[in-house]
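S.K.: A single structure is presented below for examination.
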Amino acid sequence: DPNLKQADPLVYELLEKEMRRQWKGLELIASENFTSKAVLEALGSAFTNKYSEGQPGARYYGGNEYIDELELLCQQRALEAFGLDPSEWGVNVQPYSGSPANFAVFTALLQPHDRIMGLDLPSGGHLTHGFYTTKKRVSASSIYFESLPYRVSPVTGYIDYENLEELARLFRPKLIIAGGSAYPREWDYGRFRKICDENDAYLMVDMAHISGLVAAKQVLSPFSYADVVTTTTHKSLRGPRAGMIFYRRQCLAQVRRGEDLESLINSAVFPALQGGPHNHQIAALAVQLAQVNTPEFREYAKQIILNAKALAKYLSSLGYHLATGGTENHLILWDLRPQRFTGSKAEKLFEKCSITLNKNSVHGDHSALSPGGVRIGTPALTSRGFKERDFEQVGEFLHRGLEIGLNIQTKTGKKLQDFVSGLDIYYRPELVKLQTE
Ligand code: PLP
């Protein structure tokens, strides 16, 4: 068999370019990471060839002797990684990714048009937590269910728990989702549980962003409070792209108190939503979950947070404003409104100098269409060995990059399009100088 380079030089070349891009730049996207060689090897393996619809020991295809062993091993490692007792918690490792994992939970626990509450997207929530706009039900979670978002305080940037409590009393949701994609602070899971209990609702925690930090015990764990916990596996957990659903054997929510959620969750994943599990992902996830359970990974997770705090401190020392004033996890939200700059311009600007981050709403933004800041995460560069001092240097690059961006803005005016053209005209001499210093 020819190898990739021989069989498909075009794809090979794109892969080479992407690998070069990943290594050359500063990867600050909070949801990305660099997996290990072992994980990549398992992902690119013969496990991808096998169909295995069903559960270990009860498949709809023959030949699953080793796949059964693999999936059970992955489940066992998943429970161990989060310190869970198998008599209290079970796990489904078949979701293809985070979004299908979340939709599987809704399918398992809700009827169409049941009510859900999640953190609003501009407040740092995820699309799959019920997002809609005034014009459109954007996410399937708002198309098939009735969603009322809760928000962060426009003043502090922290979740407004009083308002959530009040809204829940009026809306009577059947499920509340804690967790998000751009929230730099701890989650008060106890408070969520209390609000769920008052309203006879399930508590689902989507810990996608912070699951590596949870496993390493560097942030609070949701497991004492939640009925169901979902996660992606490719963010701070540093595994392959995939998803997991942890479910309680004794559901806490009144609706199904004491009931084992296993069959509901498993049948929602298959056959309700998915077909054959992606066994190459499950293999790679098993590999990473073993890594997660080591002192090295705990050190790594600790460093992620130290780095985020160091970057937050550095930017604050230069007078910049961060949402909530700082961070307790792997990300910061840099509010650029005081500089009269937008998140969209910052994203384009930094891309030009090989710094990858993304525009993000910050609390108090008037429109989600023009986010006032950027989200910056530390997991990927921490995987490359960056420590606090390195992140101060990253902060310095961000500061100097922004100053150049502000200069270009004075030349090009307010419009994003003009700014982007301006970047092409002005960035080279100035940003190349910055890069070579
Ligand atoms: N949940 C949260 C909190 C996320 O941040 C994300 C992705 O960014 C997802 C779910 C969805 O994951 P995926 O992109 O793997 O579908």
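The values are calculated or read from the model by the stated rules, or taken from the named source; none is laboratory data. Bear in mind that the values here come from a model prediction, so they are computed numbers and not experimental data. Because the Cβ atoms are built from the backbone with ideal geometry, glycine has one as well, and the counts that use them run over all protein chains shown. Accessible surface is based on the protein model in full, side chains and every heavy atom, while ligands, DNA and RNA are left aside. Shrake-Rupley method; radii C 1.70, N 1.55, O 1.52, S 1.80 Å.
S.K.: Are any of the residues in the range 387-397 touching a strand residue (DSSP E or B) at 6+ places or on another chain (Cβ under 9 Å) and under 21 Å from L318 (Cβ atoms)?
M.R.: yes
Residue by residue, here is whether (1) more than 20 Å from the chain's Cα centre (by Cα); (2) open to solvent by 10 Å² or more (accessible area, probe 1.4 Å); (3) among the aliphatic types (A, V, I, L, M) holds:
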site: L167; (1), (2), (3): yes, yes, yes
site: A182; (1), (2), (3): no, no, yes
site: E186; (1), (2), (3): no, yes, no
site: I195; (1), (2), (3): yes, no, yes
site: G212; (1), (2), (3): no, no, no
site: R248; (1), (2), (3): yes, yes, no
site: E259; (1), (2), (3): yes, yes, no
site: L264; (1), (2), (3): yes, yes, yes
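S.K.: Please state which of the following conditions V155 fails to meet, knowing it meets all the rest: (1) more than 22 Å from G326 (Cβ to Cβ); (2) aliphatic (A, V, I, L, M); (3) away from the ligand (no atom under 16 Å from the Cβ).
M.R.: Just one mismatch for V155, condition (1).
Let's see how each residue does on (1) touching a residue at least 12 places away in the same chain (Cβ under 8 Å); (2) not basic (K, R):
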residue	(1), (2)
G364	yes, yes
R384	yes, no
R400	yes, no
S421	no, yes
I425	no, yes
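S.K.: Could you list all residues from the range 105-119 that are open to solvent by 20 Å² or more (accessible area, probe 1.4 Å) and touching a Lys or Arg at 6+ places or on another chain (Cβ under 9 Å)?
M.R.: Q111, D114, R115
S.K.: So, in the range 126-139, exactly how many residues are within 11 Å of the ligand (Cβ to nearest atom) and either over 19 Å from the mean Cα position of the chain (by Cα) or of a type in the set (V, I, T) (or both)?
M.R.: The number of residues fulfilling the criteria is 1.
S.K.: Quick check: is even one residue across the range 132-148 part of a strand (DSSP E or B), out of contact with any helix residue (DSSP H, G or I) (no Cβ under 8 Å at 6 or more places or on another chain) and more than 19 Å from T231 (Cα to Cα)? Let's see the steps before the verdict.
M.R.: Filtering the range 132-148 down to residues part of a strand (DSSP E or B) leaves 146-147.
From what is left, the residues that are out of contact with any helix residue (DSSP H, G or I) (no Cβ under 8 Å at 6 or more places or on another chain) are 146.
Still in the list and also more than 19 Å from T231 (Cα to Cα): 146.
Yes, there is a match, as at least one residue in the range 132-148 is part of a strand (DSSP E or B), out of contact with any helix residue (DSSP H, G or I) (no Cβ under 8 Å at 6 or more places or on another chain) and more than 19 Å from T231 (Cα to Cα).
S.K.: In addition: Please list, ordered by first then second residue, the pairs with beta carbon atoms under 8 Å, 6 or more apart or interchain, first in the range 96-118 and in a helix (DSSP H, G or I) and within 15 Å of the ligand (Cβ to nearest atom), second modelled with pLDDT of 95 or more and acidic (D, E).
M.R.: G98/D206; N102/D206
S.K.: Follow-up question, since we're still on this one. Pick from G90, G57: which is within 16 Å of I245 (Cβ to Cβ), modelled with pLDDT of 95 or more and either surrounded by 20 or more Cβ atoms within 10 Å (Cβ to Cβ) or touching an Asp or Glu at 6+ places or on another chain (Cβ under 8 Å) (or both)?
M.R.: Unique residue meeting the criteria: G90.
S.K.: Can you tell me how many residues within the range 123-149 are surrounded by 22 or more Cβ atoms within 10 Å (Cβ to Cβ) and out of contact with any strand residue (DSSP E or B) (no Cβ under 6 Å at 6 or more places or on another chain)?
M.R.: 7
S.K.: For R384, are the conditions met, namely being among the charged types (D, E, K, R) and at pLDDT 85 or above?
M.R.: On the way: among the charged types (D, E, K, R): yes; at pLDDT 85 or above: yes.
Spelling it out, R384 is indeed among the charged types (D, E, K, R) and at pLDDT 85 or above.
S.K.: So which of S142, S147, S123 is closer than 23 Å to L369 by Cα, touching a Ser or Thr at 6+ places or on another chain (Cβ under 7 Å), among the polar types (S, T, N, Q) and within 16 Å of the ligand (Cβ to nearest atom)?
M.R.: Working: S142 fails: touching a Ser or Thr at 6+ places or on another chain (Cβ under 7 Å); S123 fails: touching a Ser or Thr at 6+ places or on another chain (Cβ under 7 Å).
Residue meeting the stated conditions: S147.
Quick grid of which residues meet (1) farther than 25 Å from Y183 by Cβ; (2) of a type in the set (G, A, S); (3) open to solvent by 10 Å² or more (accessible area, probe 1.4 Å):
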position: F341; (1), (2), (3): no, no, no
position: E351; (1), (2), (3): no, no, yes
position: F386; (1), (2), (3): no, no, yes
position: L398; (1), (2), (3): no, no, no
position: L416; (1), (2), (3): yes, no, yes
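S.K.: If you don't mind, there's one more thing I want to ask. If you check L15, L28, which single one turns out to be of a type outside the set (S, T, Y), surrounded by 13 or more Cβ atoms within 10 Å (Cβ to Cβ) and in contact (Cβ under 8 Å) with a residue 12 or more places away in the chain? Reasoning before the result, please.
M.R.: Numbers: L15 fails: in contact (Cβ under 8 Å) with a residue 12 or more places away in the chain.
After applying the criteria, what remains is L28.
S.K.: Still on this structure, I have one more. If C74 meets every condition in (1) open to solvent by less than 60 Å² (accessible area, probe 1.4 Å); (2) of a type outside the set (G, A, S); (3) more than 16 Å from the ligand (Cβ to nearest atom); (4) not in a helix (DSSP H, G or I) apart from one, which number is that one?
M.R.: Failing condition for C74: (4).
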